[in-house]
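**Q** Before I ask anything, here is the structure I am working with.
Since every read-out is calculated from the coordinates, none of them should be taken as a lab result. Keep in mind that what you see is a predicted model, and the values were worked out from it rather than measured. So basically every Cβ, Gly included, is an ideal-geometry build from the backbone, and we count neighbours across all protein chains shown.
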Amino acid sequence: MALWSIELSEFDIQYRPRIAIKGQAVADFIAEFTSAEGEEEKNPQWRIFTDGSSNKKASRVGVVLKSLEGDELKCMIRLDFPTTNNETEYEALIAGLDLTQVVGAANVVVHCDSQVVTSQVNGEYECKGERMKKYWEQAKKRIDGLQAKIVQIPRGENMSTSFQSRICGAYDHH
C-alpha cells in the first residue's frame, strides 16, 4: 500500500463529490411513499442493496432500496470521474444512505458484496489511503443517527448487481 501511495502521490488526486441525482425522480418517490395527513406514521426498516463497478471506460453505481412492505426504489448512477472498484462500492453505499435519509427511514440493513467496504465501515479493517479515508468518513457521517447494520453478502445475492447488469447491458448496446 505504501508503494502505491508513493506512486500515486505525484498525480494530485482529490476527492470530488458525486453528481446530484435528478431532483424530479427523488421528488416523485417522496410523493409516492409519504403518508397523507392523518395517517399513522410508520418507520419501516429498509433493506439497501448496493453495488459499484468500475473499468477504464466508465464507473457505475446501483442501489436498490426495499421496505418491509416490499416497495422498491431502484437507482442507477453513472460516475463521470475515474474511480477504483472500492471507491465505486463506497459511492454506492453513500448513495443508498442518502436515499434512505430522503425517505425518512431510521432503521436500515445495508447489503454490500464488498468485503473491504463492509469491513472498514464495521471497524474490522483499517482504512488506509487518504481517498478511502474520505469515503469512509462520508459513509460514517451518514450512518450516525441511524440504526444501521452493514452486512456483506455474496455477489450472487445482491439485488443491485442484477439490476445494474440489466441496465448496463441495455445502455452498452445503444
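**Q** Inside the range 131-154, can you point out the residues that are closer than 13 Å to Glu87 by Cα and free of Cβ contacts under 8 Å to residues at least 60 places away in the same chain?
**A** Of the residues in the range 131-154, the ones closer than 13 Å to Glu87 by Cα are 131-139.
Once the filter is applied, which keeps residues that are closer than 13 Å to Glu87 by Cα and free of Cβ contacts under 8 Å to residues at least 60 places away in the same chain, the range 131-154 yields Met132, Lys133, Trp136, Glu137, Gln138, Ala139.
**Q** A follow-up question, please. Name the residues in the range 103-126 that are more than 13 Å from Ala92 (Cβ to Cβ) and buried (at least 20 other Cβ atoms within 10 Å of the Cβ), would you? Walk me through it before giving the result.
**A** Keep residues of the range 103-126 that are more than 13 Å from Ala92 (Cβ to Cβ), which gives 103-109, 115, 119-120, 122-126.
Matches in the range 103-126: Ala105, Val108, Gln120.
**Q** Could I ask something else about it? If I filter the range 54-101 down to residues being of a type in the set (Val, Ile, Thr) and part of a strand (DSSP E or B), which single residue comes out as surrounded by the most Cβ atoms within 10 Å (Cβ to Cβ)?
**A** Step one: filter the range 54-101 for residues of a type in the set (Val, Ile, Thr), giving 61, 63-64, 77, 83-84, 88, 94, 100.
Imposing the further condition that a residue be part of a strand (DSSP E or B) reduces the set to 61, 63-64, 77.
Values: Val61: 27, Val63: 30, Val64: 24, Ile77: 20.
By that ranking, first place goes to Val63.
**Q** Okay, next question. In the range 127-141, which residue that is farther than 13 Å from Val117 by Cβ and within 15 Å of the chain's Cα centre (by Cα) is surrounded by the most Cβ atoms within 10 Å (Cβ to Cβ)?
**A** So, considering only residues that are farther than 13 Å from Val117 by Cβ and within 15 Å of the chain's Cα centre (by Cα), the one surrounded by the most Cβ atoms within 10 Å (Cβ to Cβ) is Lys134.
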